[in-house]
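Visitor: If you scroll down you'll find the structure; I have some questions about it.
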Amino acid sequence: MPTSPLIACHDCDLVQQEVPLPVGGVATCVRCGAPLYRSSRFGKSYTLALCFTAAILFVIANLYPIIGIESQGNRHQSTLFGAVQTLWQDDMALMAGLVFVTILLVPAVELALLIWLHLTKHLTSGLAPIALRLIVAMQPWRMVEVFMLGLLVSVVKLSHLAHIVPGIALWCFAALLPLFALLNTAFNPRDLWAAMPLKQ
Amino acid sequence: MHPHTAAALGLYACHTCALVSRPQAAEEVAHCPRCGSALHQRKPESISRTWALLITAYILIIPANILPIMETGSLFGSQRDTILSGVIYLWTSGSWALALLVFFASIVVPLAKLVALTYLLHSVQRQSSQNPERRTRLYHLLKFIGRWSMLDIYVVTLLVALVQLQSLATIKAAPGAVAFGAVVVITMFASMTFDPRMIWDSIKEKNDRSSR
Ligand SMILES: [Zn+2]
Ligand SMILES: [Zn+2]
């Protein structure tokens with residue numbers, strides 16, 4: 001017997017009655033003060049537009065080199081996947097895997113699933129909860145913004161060694177930062193869960 | 001335990017979709033009627049699993065800081081860099097802001113995260129009733145900052161990929177980087193297996209904000 005208007009705090013487990021929220025509002029726990037749920041300021045089409053823009057930039061970011069370096073007439077540049085491959089060939093499989101998963105695989109799968117979930121009218125199908133579960137589980141492992149910071153540190157370190165040539169992918173990753181930040185606020189899993197039926 | 005917690009009321013709150021439900025008695029392991037996730041009132045074996053991950057991370061953080069994370073080979077010989085020497089290089093070359101950033105992300109945050117999780121686990125095990133709100137906030141801070149430690153992994157990756165010029169130098173990743181990556185991932189798992197509701201399980205009702 002599911003009791004949907006109730007919510008239990010993730011942090012202190014107190015059961016409370018859900019209350020309707022104003023647009024953009026956040027409900028907090030009366031016991032511990034942690035945020036319980038929020039109501040998104042943005043609609044489905046806005047989220048979808050963000051996802052598409054991010055997906056296009058993400059594809060371009062992976063097709064073109066991120067940065068190149070030039071020294072004494074020699075030039076070397078690398079794409080993100082090229083960087084993963086170099087690690088792999090250097091017998092650094094664990095590191096290669098870590099970078100591949102956090103910068104390539106997770107954002108790609110997440111964007112694909114988000115687009116599918118927002119396009120499909122079949123939130124009632126059995127696949128929708130699986131897709132959303134996967135998105136929620138993957139989110140801590142998407143590290144595009146950390147990667148950007150790493151890019152900045154690398155550029156500074158390399159600038160002492162050689163001449164740096166920024167690649168197209170660098171600008172794409174830079175543009176993906178605010179997009180993912182917007183997506184984090186626009187995408188509210190609770191709205192999608194609410195549209196999914198109970199099995200019993 | 002507070003009488004109006006889901007656990008005290010015999011209710012299950014889904015960790016994935018937040019649905020509160022009362023499971024059928026027939027089920028051996030309850031599953032969420034909406035998203036199908038396995039339901040637990042508290043994360044299973046939270047204390048022992050978090051301890052196991054923490055101890056592993058404590059062991060790995062030593063090679064992560066002592067072993068070189070990358071090796072630069074050039075015409076003038078080879079050079080090995082640890083996490084700390086990378087910070088010092090940034091500092092001496094004049095990039096103080098970045099040096100501080102890397103110092104925090106790679107050295108302070110992983111260690112602080114281990115110490116803070118140890119403190120949280122210990123406080124839960126001795127059923128402390130002090131500052132539950134502050135401990136909950138600490139837990140959220142840990143979850144938020146942990147990922148930024150991955151910074152050095154990406155720096156090494158990019159340097160290795162780019163510096164492959166025979167005329168200049170060749171950079172290779174070294175075992176320290178693997179140990180460091182493992183520390184970051186393992187501490188992230190440790191903060192995920194820790195259940196913040198345990199902090200509140202030993203709090204009496206009178207300490208609550210609602211009845212103050
Ligand atoms: Zn609470
Ligand atoms: Zn659920």
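Visitor: What does the highest-first list of A:22-30, B:3-11 look like by mean Cβ count within 10 Å? List each step's numbers first, then the result.
Guide: Details: A:22-30: 12.9, B:3-11: 16.1.
Packing proxy ranking, top to bottom: B:3-11, A:22-30.
Visitor: Once you have the Kirkwood Rh of the protein assembly as shown from its Cα pairs, apply Stokes-Einstein at 20 °C and 1.002 mPa s and quote D in µm²/s.
Guide: Details: Rh = 23.3 Å.
Result for D is 92 µm²/s.
Visitor: If you don't mind, there's one more thing I want to ask. Kirkwood Rh, Cα Rg: Rg to Rh for the stretch B:1-41?
Guide: Working: Rg = 9.9 Å, Rh = 10.4 Å.
Here the Rg-to-Rh quotient is 0.96.
Visitor: Under the Karplus relation 6.51 cos²θ - 1.76 cosθ + 1.60, θ = phi - 60°, what is the ordered set of whole-Hz ³J(HN,Hα) values for the stretch A:6-12, x standing for Gly and Pro?
Guide: Each residue of the stretch A:6-12 in turn: 9, 9, 10, 5, 5, 9, 10 Hz.
Visitor: How large is the charge dipole for chain B, taken about the Cα centre, if only the Cβ atoms of Lys, Arg (+1) and Asp, Glu (-1) carry charge, to the nearest 20 debye? Don't skip to the end; give the middle numbers.
Guide: Details: 19 positive and 11 negative charges, 133 e Å.
Once rounded to the nearest 20, the dipole reads 640 debye.
Visitor: Cα centroids of the stretch B:9-85 and the stretch A:131-199: how far apart, whole angstrom?
Guide: The two parts, judged by their Cα centres, are 21 Å apart.
Visitor: Same structure, new question: On the principal axes of its Cα set, how long, how wide and how thick is chain A? Give whole Å, largest value first.
Guide: If we take the Cα atoms of chain A, the spans are 71, 36, 33 Å.
Visitor: Among B:171-184, A:124-137, how do they line up by average Cβ neighbours within 10 Å per residue, starting with the highest?
Guide: Working: B:171-184: 23.2, A:124-137: 16.3.
Listed from highest to lowest mean packing, they are B:171-184, A:124-137.
Visitor: Which whole number gives the average count of other chain Cβ atoms within 10 Å of the Cβ atoms across peptide B:101-108? Before the final figure, lay out each step's value.
Guide: Details: counts 3, 4, 0, 0, 4, 0, 0, 0.
If you average over the peptide's residues, the count of other-chain Cβ atoms is 1.
Visitor: Still on this structure, please answer the following. What does the buried accessible surface come to for A and B, summed over both chains, with the probe at 1.4 Å? Round to 100 Å². Can you show the working numbers first?
Guide: Numbers: alone 12470 and 12860 Å², together 18900 Å².
About 6400 Å² of accessible surface is lost on pairing.
Visitor: Check the straight Cα-Cα distances from B:LYS204 and name the aspartates and glutamates below 20 Å, setting aside those fewer than 8 residues away within the same chain.
Guide: Within reach: A:ASP11, A:ASP13, B:GLU133, B:ASP195.
Visitor: I've got another one for you. Between B:ARG22 and B:ARG80, take the C-beta separation as r, use R0 = 45 Å, and let me know the FRET efficiency to the nearest 0.05.
Guide: Details: r = 59 Å, r/R0 = 1.32.
That pair, B:ARG22 with B:ARG80, gives E of 0.15.
Visitor: Per-residue mean of other chain beta-carbon atoms within 10 angstrom of the beta-carbon, peptide A:142-153? Numbers along the way, then the final one.
Guide: Values: counts 1, 7, 0, 2, 9, 7, 2, 9, 12, 3, 6, 14.
Rounded to a whole number, the mean comes out at 6.
Visitor: Kindly express, to the nearest 10 degrees and within the range 0 to 90, the angle between helix B:175-193's C-alpha long axis and the longest C-alpha principal axis of chain B.
Guide: Tilt relative to chain B: about 10 degrees.
Visitor: Rounded to the nearest 500, what is the 222 nm mean residue ellipticity of the protein assembly as shown from helices alone, with -39500 (n - 2.57) per DSSP H run of 4+ residues and division by all residues? Provide the component values of the computation, followed by the final result.
Guide: Numbers: 17 runs with 213 residues, N = 412.
Computed mean residue ellipticity for the protein assembly as shown: -16000 deg cm²/dmol.
Visitor: Using a 1.4 Å probe on the protein heavy atoms only, what accessible surface does B:ASP201 show? Give it in Å² to the nearest 10.
Guide: 40 Å²
Visitor: Report the Cα centroid-to-centroid distance between the stretch B:147-192 and the stretch A:23-52 in angstrom, as an integer.
Guide: Centre-to-centre (Cα) distance: 35 Å.
Visitor: Per residue, what volume in Å³ does the Cα convex hull of the stretch B:1-127 take up? Please list the in-between numbers first.
Guide: Details: hull volume 24.3 nm³, N = 127.
Roughly 191 Å³ of hull volume per residue.
Visitor: Report the accessible area of B:GLU45, computed with a 1.4 Å probe over the heavy atoms of all protein chains in place, in Å² rounded to the nearest 10.
Guide: 120 Å²
Visitor: Nearest 0.05, what FRET efficiency do A:THR120 and B:SER48 give at R0 = 45 Å with Cβ-Cβ as r? Could you put the intermediate results ahead of the total?
Guide: Working: r = 41 Å, r/R0 = 0.91.
Calculated value: 0.65.
Visitor: Pairs A:LYS44/B:LYS143; A:LYS121/A:LYS199; A:LYS157/B:LYS172: which exceed 21 Å Cα-Cα? Write out the running numbers ahead of the final one.
Guide: Details: A:LYS44/B:LYS143 28 Å; A:LYS121/A:LYS199 18 Å; A:LYS157/B:LYS172 15 Å.
A:LYS44/B:LYS143, as the Cα separations exceed 21 Å there.
Visitor: Here's something else I'd like to know. Only four residue types carry charge here, +1 at the Cβ of Lys and Arg and -1 at the Cβ of Asp and Glu. Report the dipole size of the protein assembly as shown about the Cα centre in Debye, rounded to the nearest 20. Working shown, then result.
Guide: On the way: 30 positive and 20 negative charges, 204 e Å.
Result for the protein assembly as shown is approximately 980 debye, rounded to the nearest 20.
Visitor: Here's something else I'd like to know. Just by accessible area at a 1.4 angstrom probe, what is the order of B:LYS143, B:LYS204, A:LYS121 from largest to smallest? Before the final figure, lay out the partial values.
Guide: Numbers: B:LYS143 95, B:LYS204 135, A:LYS121 180 Å².
Listed by decreasing accessible area, they come as A:LYS121, B:LYS204, B:LYS143.
Visitor: Roughly how crowded by other chains is peptide B:193-204, in terms of the mean Cβ count from those chains within 10 Å of each of its Cβ atoms?
Guide: Numbers: counts 0, 0, 3, 7, 8, 1, 3, 7, 2, 0, 3, 0.
Mean number of neighbouring Cβ atoms from other chains: 3.
Visitor: What chymotrypsin sites (Phe, Trp or Tyr not before Pro) does the stretch B:18-124 have in DSSP loop regions with at most 14 other beta carbons within 10 Å? Could you put the intermediate results ahead of the total?
Guide: On the way: sites: B:TRP51, B:TYR58, B:PHE76, B:TYR89, B:TRP91, B:TRP96, B:PHE103, B:PHE104, B:TYR119; in loops: B:PHE76.
Here the sparse-neighbourhood loop sites are B:PHE76.
Visitor: In what sequence, highest mean first, do A:149-158, A:162-171 appear when ranked by Cβ atoms within 10 angstrom? Show your work: numbers first, answer last.
Guide: On the way: A:149-158: 20.5, A:162-171: 16.8.
With the highest mean Cβ count within 10 Å placed first, the list reads A:149-158, A:162-171.
Visitor: For A:ASP91 and A:ALA175, FRET efficiency with R0 = 45 Å and r from the beta-carbon atoms, rounded to 0.05?
Guide: Numbers: r = 34 Å, r/R0 = 0.76.
Given R0 = 45 Å and the Cβ-Cβ separation, E is 0.85.
The values are calculated or read from the model by the stated rules, or taken from the named source; none is laboratory data. Quick caveat: nothing in here was measured; it's all calculated off a predicted structure. All Cβ positions, glycine included, derive from the backbone under ideal geometry; neighbour counts span all protein chains shown. Note: accessible area is taken over every heavy atom of the protein model, side chains too, but ligands, DNA and RNA are not part of it. Shrake-Rupley method; radii C 1.70, N 1.55, O 1.52, S 1.80 Å.
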